[in-house]
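I have placed the structure first, in the form of structure tokens, so that the comments after it can refer back to it.
The values are calculated or read from the model by the stated rules, or taken from the named source; none is laboratory data. Because the structure is a prediction, the values reported are computed rather than measured. Heads up, the Cβs are rebuilt from the backbone with ideal geometry, glycines too, and the neighbour counts pull from every protein chain shown. Ligands, DNA and RNA are excluded from the accessible area calculation, which covers all protein heavy atoms including side chains. Shrake-Rupley method; radii C 1.70, N 1.55, O 1.52, S 1.80 Å.
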Amino acid sequence: MIDGYIKHLLSLIDLERDSQKRLMADEIRKLTAEERERKGRAVNNLVGKFIKKELKMAIARFSSFKEIDTEIKVGDMVIISRGNPFDKNITGTVTEKRTKSIFVAFNGRIPDWVFVSDIRMDLYVNDITFLRMENNLKRLNDRGRLALQFMLKNSKPAGFKKTSKVNYQDDSLNQFQKNAINNSLHTRNFFLIHGPFGTGKTKTLVELIIQEVKNKNKVLATAESNAAVDNIVERLAKKGGIDITRLGHPQKVSREIIDQTLISKIEMHDDYSKIKKTKDELDKLFNDLKKYTQPTRKNRHGLSDGQILSLANRNAGTMDISAKTIKSMAEWNRISSQIQRKNRIIHKTEEKIIEDIIKKSDVILTTNSSAAVDEIEGIRFDVAIIDEASQTTIPSVLIPISKAKRFILAGDHKQLPPTVLSEDAKELEITLFEKLIEKYPDKKQLLNIQFRMNEMLMKFPNLEFYSGQLLCDDSIKNSSLGVVRKKLDMDSPLIFIDTSRYPKNHETKLKYSKSYINNVEANLAVSIVDEYLNMGISESDIGVISPYSDQVSIIKNKCNVEVKTVDGFQGREKEIIIISTVRSNDKGNIGFLRDLRRLNVAITRAKKKLIIIGNSKTLGHNDIYRRLIDYCRGEDIILEL
């Protein structure tokens, strides 16, 4: 049964990979460079310039004469081309974004054609992640297979070890957080930490890691995103006393924790001076190599390296090659052999340094995908602690699980699932976390004191998604913005602005797009933002959310605050959140707004003020939106436009 399920997972991975590549390729083919740029997935008319070598990577800067507005972000893989991404191209990883430039890191040498004008940059699919998931599944070990058996109920998990007293380093932990840590420390197989919005999930995981290290356990800590991993690294680094190493692509890591990365630690290692000395010797050898003739097929005229050396020793030539050229080629071969030997020395020294760093590290931190890197191949961890487990597909989460004796999953299955594009592979949205929490309720702990939003903002999502189990911490129970706008506002943390009676309010689509826009809502959202800014509220404290990417683009072009889709705001928070729901039609069609987890994420990002803009008649055709509107009506916090 397990083998059949693994085969099924492999087929789903293929479907999703093909779907992502097809979507990207189709879009590149069908849309002009300008159209793709308007969607935020390409940047045109760039000028390339080599900047420097950094951490084994070649860095280039691509500049524009105008401000760059794109969805391409740090860590994304991009295609660099001369206008046709399917013709001459090179792929790299975005390392930095500025107002008018994007920096990209490349493995190896950058071709000269990159350093000209009229360069195009396209967002692309990173196939490495799919390959790592496939390779892990094809050779899934006993630990990974056991996790699947628990999920399929082929095996019953063991109970808990005898509990021992835990001396918590963080004395601000509440009882629910302590219960989660205590159960995680003493579980024999796995434990699940259910952390809804603002309940201190990361804080709990950091304390758990500290306690595991105190117990002399080697920890693998992972998450699906680099941002979540960096968040844990930053908090652990501030605690001190723990040797932590961050794996992964150096250009995808936050600059604040660069000293914790493996590559930085290699360069700070006591034995790195040997590598530096050897590299200096290599530079000299490469310079010497340029002085001699390379024995290419054309230059050697059929002679082997041995024949060239023999002729050079006799100071002899041939009918086609002079003795001087023979000696020059022989010298080229000699220096080339030295270069190869030096490179082997560097490689072996690096391997020893890496082995020493990994061995001394108490905690290895990386994304789920990068847990498959060679540097920790064969390392047996005592525990794998995996954040964002409710946003992680089963093939992805099995990579770190396969490396540890037991595993801890943390997440919230009431929020957004993993992003899956293929309709045929939608099963991948069902996570191991969700399956296990359903089958083994005794193996979970809900963190139910939230510290993000005041009680009124918490009330509806708490009742709708968490059965009223969440409690509001006293410190933020009555927190408020403290200011009220002159127009369309009231002294309430939550407001629903109803557009159903506004005659010109209707949804529409842009040409060649499947997304929706609503100009009335967009203008209203922008006017609300402007009024708050005029009142002295900081841009960084305001966020605008819309489920539709085209609506996001329209609003983003009209204001300077952060504007993102619901997915882009998961895990984030702002003092003020404005939501544009967009849909406004007589038939009550609300499209993918029906995804209740998307609604949960959207309405739980605000700390002190949440303003929802929507057509109550259209949204009211859906049960949960009708309940939200009825809740707002009952609290007398609906404003009609």
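In summary, helices (runs of 4 or more DSSP H) completely within the stretch 256-318 and bearing 2 or more residues that are under 30 Å from Ile354 (Cβ atoms) and among the polar types (S, T, N, Q) occur at 272-289. Those residues that are surrounded by 19 or more Cβ atoms within 10 Å (Cβ to Cβ), within 18 Å of Ile379 (Cβ to Cβ) and either under 20 Å from the mean Cα position of the chain (by Cα) or not β-branched (Val, Ile, Thr) (or both), I need them from the stretch 213-243; list them, please. Within the stretch 213-243, Lys218, Leu220, Ala221, Thr222, Val229 meet the criteria. Residues of the stretch 86-105 that are closer than 22 Å to Val253 by Cβ, surrounded by fewer than 18 Cβ atoms within 10 Å (Cβ to Cβ) and of a type outside the set (S, T, N, Q): Glu96, Lys97, Arg98. Scanning the stretch 599-641 for residues that are of a type outside the set (D, E, K, R), under 14 Å from Ile576 (Cα atoms) and part of a strand (DSSP E or B) yields Ala606, Leu610, Ile611, Ile612, Ile613. Of all residues in the stretch 354-385, which are open to solvent by less than 10 Å² (accessible area, probe 1.4 Å) and among the hydrophobic types (A, V, I, L, M, F, W, C)? Selection gives Ile358, Val363, Ile364, Leu365, Ala371, Ile376, Phe381, Val383, Ala384, Ile385. Any residue at all in the stretch 403-415 that's in contact with an Asp or Glu (Cβ under 8 Å, 6 or more places away or on another chain) and part of a loop (DSSP other than H, G, I, E, B)? Yes, because at least one residue in the stretch 403-415 is in contact with an Asp or Glu (Cβ under 8 Å, 6 or more places away or on another chain) and part of a loop (DSSP other than H, G, I, E, B). Restricting attention to the stretch 346-384, the residues that are in a loop (DSSP other than H, G, I, E, B) and over 21 Å from Lys405 (Cβ atoms) add up to 0.
Do any strands (runs of 3 or more DSSP E) entirely within the stretch 36-87 hold 2 or more residues that are charged (D, E, K, R), and if so, which?
By residue number, 42-54.
Taking the conditions (1) closer than 30 Å to Glu35 by Cβ; (2) part of a helix (DSSP H, G or I); (3) touching a Leu at 6+ places or on another chain (Cβ under 9 Å) in turn, Phe130 satisfies each one other than (3). The residue of the stretch 559-595 that is most open to solvent (accessible area, probe 1.4 Å), among those that are at pLDDT 90 or above, within 22 Å of Arg452 (Cβ to Cβ) and more than 21 Å from the chain's Cα centre (by Cα), is Glu575.
Give me a count of the residues in the stretch 459-488 that are of a type outside the set (S, T, N, Q), open to solvent by less than 30 Å² (accessible area, probe 1.4 Å) and without any contact (Cβ under 8 Å) to a residue 24 or more places away in the chain. Of the residues in the stretch 459-488, 1 are of a type outside the set (S, T, N, Q), open to solvent by less than 30 Å² (accessible area, probe 1.4 Å) and without any contact (Cβ under 8 Å) to a residue 24 or more places away in the chain. Looking across the stretch 441-454, just one residue is surrounded by 18 or more Cβ atoms within 10 Å (Cβ to Cβ) and in a helix (DSSP H, G or I), and that is Lys443. Glu531 falls short on exactly one of the conditions (1) within 28 Å of Gly620 (Cβ to Cβ); (2) acidic (Asp, Glu); (3) exposed (fewer than 15 other Cβ atoms within 10 Å of the Cβ), and that condition is (3).
Taking the criterion of being within 22 Å of Asp127 (Cα to Cα), among the charged types (D, E, K, R) and not in a helix (DSSP H, G or I), would at least one residue in the stretch 12-28 satisfy it? Let's see the steps before the verdict.
So the first thing to find is which residues in the stretch 12-28 are within 22 Å of Asp127 (Cα to Cα), and the list is 12-28.
If we keep only those that are among the charged types (D, E, K, R) as well, we get 14, 16-18, 21-22, 26-27.
Keeping just the survivors that are not in a helix (DSSP H, G or I) gives none.
Scanning the stretch 12-28 turns up no residue that is within 22 Å of Asp127 (Cα to Cα), among the charged types (D, E, K, R) and not in a helix (DSSP H, G or I).
Yes or no, residue by residue, for (1) surrounded by 24 or more Cβ atoms within 10 Å (Cβ to Cβ); (2) touching a residue at least 60 places away in the same chain (Cβ under 8 Å); (3) small (Gly, Ala, Ser); (4) out of contact with any Lys or Arg (no Cβ under 9 Å at 6 or more places or on another chain):
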| site | (1), (2), (3), (4) |
| --- | --- |
| Asp387 | yes, yes, no, no |
| Lys405 | no, yes, no, no |
| Leu416 | no, yes, no, no |
| Lys435 | no, yes, no, yes |
| Lys439 | no, yes, no, no |
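When Thr95 is tested against (1) of a type in the set (Ser, Thr, Tyr); (2) farther than 30 Å from Ile437 by Cα; (3) in a helix (DSSP H, G or I), just one condition goes unmet, and that condition is (3).
Quick check on the stretch 460-498: of everything there that is among the β-branched types (Val, Ile, Thr) and part of a loop (DSSP other than H, G, I, E, B), which residue is farthest from Lys609 (Cα to Cα)?
For the stretch 460-498, the residue satisfying everything is Ile476.
Here Arg334, Arg314, Arg341 are screened, and the one residue that is open to solvent by 50 Å² or more (accessible area, probe 1.4 Å), more than 51 Å from the chain's Cα centre (by Cα) and at pLDDT 90 or above is Arg314. Being buried (at least 19 other Cβ atoms within 10 Å of the Cβ), within 20 Å of Phe465 (Cβ to Cβ), modelled with pLDDT of 95 or more and not polar (S, T, N, Q) is a property that Ile612 has. Of the residues contained in the stretch 45-55, one or more are found to be over 30 Å from Ser422 (Cα atoms) and free of Cβ contacts under 8 Å to residues at least 12 places away in the same chain. Taking the criterion of being crowded, with 17+ Cβ neighbours inside 10 Å and within 22 Å of the chain's Cα centre (by Cα), the residues of the stretch 56-76 that qualify are Met57, Ile59, Ile68, Thr70, Ile72, Val74, Gly75, Asp76. Counting only residues that are touching a residue at least 60 places away in the same chain (Cβ under 8 Å) and over 20 Å from Asp489 (Cα atoms), which one in the stretch 605-624 is farthest from the chain's Cα centre (by Cα)? Across the stretch 605-624, the extreme among qualifying residues is Lys617. Among the residues of the stretch 109-116, are any closer than 30 Å to Asp76 by Cβ, open to solvent by 50 Å² or more (accessible area, probe 1.4 Å), of a type in the set (Lys, Arg) and not in a loop (DSSP other than H, G, I, E, B)? No, because not a single residue in the stretch 109-116 is closer than 30 Å to Asp76 by Cβ, open to solvent by 50 Å² or more (accessible area, probe 1.4 Å), of a type in the set (Lys, Arg) and not in a loop (DSSP other than H, G, I, E, B). Taken over the stretch 576-594, the criterion of being touching a residue at least 60 places away in the same chain (Cβ under 8 Å), farther than 13 Å from Thr565 by Cα and of a type outside the set (A, V, I, L, M) is satisfied by Arg583, Ser584, Asn585, Gly591.
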